[in-house]
Amino acid sequence: MDGAALHEVTFRTALALPAVEETQPFGEQSVVHKVVGRMFVLATTLRGVPIVNLKCAPPHAAALVRDHAEITPGWHMDKRHWITLAPGDGLDETMVEDLVANSYDLVVAGLPRSRRPLDPDVGRRAGGSDAAAREHLRDVPDDLRGEPVTGVEHRAGPLG
């Protein structure tokens, strides 16, 4: 994968995720993608070579660095928790998409539940699992799992 494709796939993938904003806090030469104000992608050019920094779990990061010449410990980042992708034949579109999504998931998982964005495709908080949702509903009787109640009037209580 060449550098232009690396950046293009990274940007397309990041912007397709819920509640992502694209910023340039380090100037025009760098693009940062954030979810709820927390960075999960930094794309820039280093010595004329397009690179992408992504958050990554330490054991996964170590294996990726060991197995792929195009992946190194994060440039200007915590080397255990970030990786840097550079252009090369060892990267393909699917791998970059997966690594961007994984970086997003790690950042979302670190957010308080109340701040996690809703995933519009599944109607639940991003970063949660279907198994956790099923577990939560396990003890709820079937007749109570219907549509949300509508038309209920809410009145202010004694505290406002």
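The values are calculated or read from the model by the stated rules, or taken from the named source; none is laboratory data. Note that the structure is a prediction, hence the values are computed from the model and not measured. For neighbour counting, all protein chains shown are included, and Cβ atoms are generated from backbone atoms with ideal geometry for every residue, glycine included. With ligands, DNA and RNA removed, areas are computed over all heavy atoms of the protein, side chains included. Shrake-Rupley method; radii C 1.70, N 1.55, O 1.52, S 1.80 Å.
Cβ contacts < 9 Å: first residue among the β-branched types (Val, Ile, Thr), restricted to the stretch 45-59; second residue in a loop (DSSP other than H, G, I, E, B), any location; separation 6+ or different chain. Result?
These pairs meet every condition: THR45/GLN29; THR45/SER30; VAL49/ALA86; VAL49/PRO87; ILE51/TRP75; ILE51/ALA86; ILE51/PRO87; VAL52/ALA86.
Are there any pairs, at least 6 apart or on different chains, whose C-beta atoms fall under 8 Å, with the first in the stretch 1-20 and over 18 Å from PRO87 (Cα atoms) and the second in a loop (DSSP other than H, G, I, E, B) and open to solvent by 20 Å² or more (accessible area, probe 1.4 Å), and if so, which?
Here the result reads PRO18/PRO120; ALA19/VAL36, each pair linking the stretch 1-20 to a residue that is in a loop (DSSP other than H, G, I, E, B) and open to solvent by 20 Å² or more (accessible area, probe 1.4 Å).
Considering only residues of the stretch 79-94 that are touching a Lys or Arg at 6+ places or on another chain (Cβ under 9 Å) and either of a type outside the set (Phe, Trp, Tyr) or within 19 Å of ARG12 (Cα to Cα) (or both), which is most open to solvent (accessible area, probe 1.4 Å)?
If we take residues in the stretch 79-94 being touching a Lys or Arg at 6+ places or on another chain (Cβ under 9 Å) and either of a type outside the set (Phe, Trp, Tyr) or within 19 Å of ARG12 (Cα to Cα) (or both), then HIS81 is most open to solvent (accessible area, probe 1.4 Å).
Can you say whether PRO112 is open to solvent by 60 Å² or more (accessible area, probe 1.4 Å) and at pLDDT below 95, as far as the supplied structure shows?
Against the criterion (open to solvent by 60 Å² or more (accessible area, probe 1.4 Å) and at pLDDT below 95), PRO112 qualifies.
Strands (runs of 3 or more DSSP E) wholly in the stretch 1-82 with at least 1 residues that are of a type outside the set (Lys, Arg) and touching a Gly at 6+ places or on another chain (Cβ under 9 Å) - which ones?
It comes to 20-23, 38-46, 49-55, 71-73.
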